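Scroll down for the structure; my scribbles are underneath it.
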Amino acid sequence: MKRSPTFLVGSDKQRGILDEFQRREQHFTEEYQKNKPLCFSARAYQQTHPAKVRMGYKDADATLTSPMLLGVCDGVSQLEEFNMDPSLLPNELLRTCEELAMLQLMPDMAVSPQDAYRGPISLLKEAYEETESYGSTTVLLAALDNSTRIHGKLHPMIAVLSIGDCELLMLRRTNGRQSELEAVFHTEMQRIDYNVQTPLQLARVDGRIDEDFDESIALEVIEKGSAVHCVSAYEGDILVLGSDGVFDNLFLDEIVEICNEILRPAKKPDFTPMPPSMLSQVAQRIVKDSHAKSDAKGGQFLDTPIGKGGKVDDTSVVVAEIVEWTDAHKEIWSQVRRNRKWKSVLSCGGMQCGGRDVPCAAWEADDDDDKRASSRSARKHRDRDGHPVESGSDNSDEEDYSGKCCIV
């Protein structure tokens with residue numbers, strides 16, 4: 001008996017399917033229709049594995065939690081054997097990325113043409129060129145771009161850039177506000193020959209390690225080696241960014257389970273941001289459970305994505321929720337732009353996002369921001385011996401828009 005390749009679907013059946021589609025999409029389209037900009041509310045936690053502490057290794061990880069940019073860098077601890085501090089480049093790189101993101105990505109703020117956001121690749125290239133520290137690190141960035149529009153309406157997008165084996169996992173309540181979180185997006189590791197100990201890296205070294213090193217190699221890694229993904233951002237989405245110490249030791253469903261255990265859905269249909277303390281709980285729990293995988297229990301090691309017992313490693317994680325960018329955020333970050341230097345910047349613009357009108361930190365700043373553009377035109381470069389060389393040319397007009405999120 002021959003079978004028809006396609007069956008006719010009756011009107012009642014199609015109407016029911018369309019109703020179901022409408023219910024599933026209601027959670028997402030309400031943000032789309034409101035045209036409201038979004039930002040990150042984030043907390044980070046990192047800890048050196050106890051076994052590495054006993055061996056005397058320094059924590060070379062760095063994390064970034066800011067309103068428009070999240071980041072994790074996993075520095076190469078082996079550089080200590082060459083009398084280098086492996087934590088310097090990861091920390092300086094993320095600080096510079098944060099400074100650029102504050103200038104380029106803040107909603108409703110005027111940006112000069114030379115400082116316009118051109119995507120995560122251009123942002124990372126500029127940040128690397130402005131750093132001076134030696135080191136080698138993997139890089140993971142998530143930039144929230146509120147400028148993307150679809151059919152004239154605001155549609156925020158997250159640009160994810162990855163170099164190496166840090167990973168990002170995005171969770172969403174796909175069946176409405178009161179449903180469980182589900183994984184909707186996940187990046188993949190970049191490793192040379194699939195070896196867990198040789199991820200792709202962004203480096204700056206001197207003759208102690210590589211006499212032939214040139215910074216053009218690092219820029220090529222950024223341009224050609226970066227894995228870039230663009231995904232839609234919706235209020236209430238949860239992002240987990242982690243070093244390989246997380247994703248080598250925990251399965252994705254274990255991370256999702258931790259998030260659902262702590263970040264319970266609201267009882268009310270309206271969106272309510274998670275208290276930052278709960279995001280901190282998730283981050284700490286992920287690190288704790290990652291380390292536990294390499295501790296034998298009853299003489300037996302637990303299963304991990306790379307085999308039983310996992311990996312003894314520094315572990316860092318950023319847990320973020322996407323929330324609405326409010327006038328309170330704008331007021332505080334406008335002040336930060338006027339006064340560029342600050343002592344501490346808390347997540348989501350110094351706001352406790354669980355209460356949108358309550359600032360949680362006093363800003364301590366000096367210096368004026370008006371000279372920022374001119375200062376960027378004189379970038380520091382290094383010659384083949386690692387010595388800084390001043391360059392007065394500003395080639396921002398020559399930069400392309402590669403890596404920028406766009407929808408055609």
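The values are calculated or read from the model by the stated rules, or taken from the named source; none is laboratory data. Not measured: the values here are computed from a predicted model. Because the Cβ atoms are built from the backbone with ideal geometry, glycine has one as well, and the counts that use them run over all protein chains shown. Only protein heavy atoms, including side chains, enter the accessible area calculation; ligands, DNA and RNA are left aside. Shrake-Rupley method; radii C 1.70, N 1.55, O 1.52, S 1.80 Å.
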Here are some residues: Ser277, Ser316, Ser290. Which one is closer than 18 Å to Gly242 by Cα and either among the charged types (D, E, K, R) or part of a helix (DSSP H, G or I) (or both)?
-> Ser290
Restricted to segment 285-299, and to residues that are at pLDDT 85 or above, of a type outside the set (Lys, Arg) and buried (at least 19 other Cβ atoms within 10 Å of the Cβ), which residue is farthest from Leu154 (Cα to Cα)?
-> His291
Kindly provide the set of residues from segment 261-283 that are under 19 Å from the mean Cα position of the chain (by Cα) and open to solvent by 90 Å² or more (accessible area, probe 1.4 Å), ordered by number.
-> Gln281
Right, Ile158: within 14 Å of the chain's Cα centre (by Cα), buried (at least 19 other Cβ atoms within 10 Å of the Cβ) and over 22 Å from Ile255 (Cα atoms) or not?
-> no
For Leu302, indicate whether it is in contact with a strand residue (DSSP E or B) (Cβ under 6 Å, 6 or more places away or on another chain) and either of a type in the set (A, V, I, L, M, F, W, C) or open to solvent by 50 Å² or more (accessible area, probe 1.4 Å) (or both).
-> no
Residue that is surrounded by the most Cβ atoms within 10 Å (Cβ to Cβ) [pool: residues in segment 196-236 that are touching a residue at least 40 places away in the same chain (Cβ under 8 Å) and part of a helix (DSSP H, G or I)] | Ile222
Which listed residue, of Glu331, Glu254, is open to solvent by 20 Å² or more (accessible area, probe 1.4 Å), outside any loop (DSSP other than H, G, I, E, B) and either hydrophobic (A, V, I, L, M, F, W, C) or at pLDDT 85 or above (or both) | Glu254
